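For reference, the structure discussed in these notes is given below.
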Amino acid sequence: MADGGGAAASEKVTELSGSGVEKGLPRRGKASSGRTLNTAQIPLVASHPEVYEPCDDSFALVDALLSDKAQLLTLKPRLCMEVGCGSGYVITSLAIMLRQLASGTQYLATDINKHAAETTQATLEAHGVHADVIVTDIVSGLEKRLAGMVDVVVINPPYVPTPEEEIGCKGIASSWAGGLNGRQVINRILPAVREILSERGWLYMVALEDNDPLDICHLMSEMGHSEYNNLFRPDWFKA
Amino acid sequence: MRLLTHNMLASNVRGATTGYPLKLEAAKWVTKEVELNADFIRGLLPKIDWRALVAATRALGLPELLPEEQPPEEEIFAEGAAGVEGSAIRRIHHALLEIHVQEGSLVCPDTSRCFPIDKGIPNMMLHEDEV
């Protein structure tokens, strides 16, 4: 699926089919079998009432990473980063997946929600992997010094279309409230990611059809990130 | 928060010019050993602000850990240096990746705005009137 060989940075939008759906309700334990060798284990993922739990969209994102594992190992990323790390399920899974590299790969994770940052830290510790976790808005404070340095960025953004006023809510609402077309936060994330992504870097981001993923890819290509792949998950809202 | 991350963080508070480097005030820190990877350090070192790293180690009360000036690369990456106790590369590796600041704060050099580090997590969030 990924070409993995190009010098240009690429973007993979993991599209969740079924437009207008809410971010899924937590389904602990679901769909975790068969993944556990390469991913975080659901029973070890920490939780907090104000933190988004791993759901189907988290699993879709980790599945996208898993299916690119060989290419990611070849990429030998120096820095990997998750924006909006929530429970920590995704960044922990990525760190576990790439553990065999022994290449010194370092991990960073940010969340605007303090409880999410602490939950992520607990999840990382429970799996014996490490990322530095920072409470901040997207990548604020890191954008200058990390410019062009991050090789893998993973994001499960707040993509649910909501009234604009729900943007900026504290706590768990910040994990899903996406404003008009679910794009308001995504539109702030994209230029920030463009800044920090290295020339060979990859962005993995979850999006709904409502978010117009082709337009997202188009925007990223206008920003100089010229290749992208779509990963369709037509099975997402079955079950 | 490791010193690698400290090296990458700046303050975006209103009124800050560069907001960098953040002054480190550490009340509690621990060290955790991790395997040294010379290639990783080699790739990373050009991106590291040496003065900010040195300032951070001194703020932790480790004046001997790193010299004021960055040692020449041929010394840092000399054959076998990674296996020598106290070599430059081991000190750099230790400073960047093995020190974890648990409690303390990061202070904006321009505005003195203080960002707390709590349970190892720096909080860089700004209030609406600070953006």
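Read-outs: derived from the displayed coordinates by stated rules, not from any lab. Everything numeric in this text was worked out from a predicted model, so none of it was measured. Counting neighbours? That spans all protein chains shown, and the Cβs are built from the backbone with ideal geometry, glycine included.
For the stretch B:44-67 and the stretch A:166-189, what is the separation of their C-alpha centers, rounded to whole Å?
38
What ³J(HN,Hα) values, in whole Hz, does the Karplus curve 6.51 cos²θ - 1.76 cosθ + 1.60 give for the stretch A:144-152 when θ = phi - 60°, with x put for Gly and Pro?
Computed from phi, the couplings for the stretch A:144-152 are 6, 6, 8, 3, x, 10, 9, 8, 9 Hz.
List residues of the stretch B:56-77, by number, whose backbone nitrogen lies under 20 Å from a label position 7 Å along Cα→C-beta of B:Glu33.
B:65
Tabulate in residue order the Karplus-calculated ³J(HN,Hα) for the stretch A:173-181, using 6.51 cos²θ - 1.76 cosθ + 1.60 with θ = phi - 60°, rounded to whole Hz; enter x for Gly and Pro.
4, 5, 7, 10, 5, x, x, 4, 6
Just subtract the alpha-carbon distance of A:Lys144 and A:Ala126 from 0.36 nm times their residue separation and send over the number in nm, one decimal.
Contour length minus Cα-Cα distance gives 3.3 nm.
Given charges of +1 on the Cβ of Lys and Arg and -1 on the Cβ of Asp and Glu, with all other atoms neutral, how large is the dipole of the stretch B:3-120 about its Cα centre, in debye to the nearest 20?
Around 640 debye, computed over the stretch B:3-120.
Could you go through the stretch A:65-76 in sequence order and give the Karplus-derived ³J(HN,Hα) for each residue, using 6.51 cos²θ - 1.76 cosθ + 1.60 with θ = phi - 60°, rounded to whole Hz, and x for Gly and Pro?
5, 4, 6, 9, 3, 4, 5, 5, 5, 5, 4, 6
Once the other residues with Cβ under 11 Å from the Cβ of A:Ile138 are scored (Lys, Arg +1; Asp, Glu -1), what is the net sum?
-3
Evaluate E = 1/(1 + (r/R0)^6) for A:Leu214 and B:Arg58, where r is the Cβ-Cβ distance and R0 equals 51 Å; express this FRET efficiency to the nearest 0.05.
Using R0 = 51 Å, I get an efficiency of 0.50.
Mind checking the full-extension length gain between B:Glu74 and B:Asp129? Use 0.36 nm per residue of separation minus the Cα-Cα distance, one decimal, nm.
15.0 nm
Would you mind checking A:Lys12/B:Lys23; A:Lys76/B:Lys28; A:Lys76/A:Lys170; A:Lys76/B:Lys32; A:Lys170/B:Lys119 for any pair whose Cα atoms are more than 31 angstrom apart?
Table pairs above 31 Å Cα-Cα are A:Lys12/B:Lys23; A:Lys76/B:Lys28; A:Lys76/A:Lys170.
Using the crude model of +1 on Lys and Arg Cβ and -1 on Asp and Glu Cβ, and no other charge, please compute the dipole size for the protein assembly as shown relative to its Cα centre, in debye to 20.
The dipole of the protein assembly as shown has a size of about 620 debye.
Can you list the residues, at least 5 places off or on another chain, whose amide H is less than 5 Å from the amide H of A:Ile138, using H built in the peptide plane?
A:Ile112
Taking the Cβ of B:Arg91 as the centre, find all other residues whose Cβ is under 11 Å away and add up their charges (Lys, Arg: +1; Asp, Glu: -1).
-2
Write out the GluC sites (Glu not before Pro) in the stretch B:45-131 meeting two conditions: DSSP loop, and at most 12 other Cβ atoms within 10 Å of their Cβ.
B:Glu64, B:Glu68, B:Glu69, B:Glu79, B:Glu85
Just tell me how shielded A:112-120 is by partners: mean number of partner chain Cβ atoms within 10 Å of each residue's Cβ, no decimals.
If you average over the peptide's residues, the count of other-chain Cβ atoms is 2.
Restricting things to alpha carbons, tell me how big the stretch B:3-120 is in terms of Rg and Dmax, in Å.
So, for the stretch B:3-120, Rg and Dmax equal 14.8, 47 Å respectively.
Return B:Met8, A:Met81 ranked ascending by Cβ neighbour count within 10 Å, so the fewest neighbours appear first.
B:Met8, A:Met81
Counting Lys and Arg as +1 and Asp and Glu as -1, what is the net charge of the other residues whose Cβ lies under 15 Å from the Cβ of A:Ile196?
-1
Fewest first, what order do B:Phe115, B:Phe77 take by the number of other Cβ atoms within 10 Å?
B:Phe77, B:Phe115
Using the count of nearby Cβ atoms within 10 Å as a rough guide to exposure, how do A:Thr92, B:Thr31, A:Thr105 rank from fewest to most?
With the sparsest Cβ surroundings first, the list reads B:Thr31, A:Thr105, A:Thr92.
To the nearest whole number, what is the average tally of beta carbon atoms from other chains within 10 Å of the beta carbons of peptide B:26-39?
Mean partner shielding for this stretch: 1.
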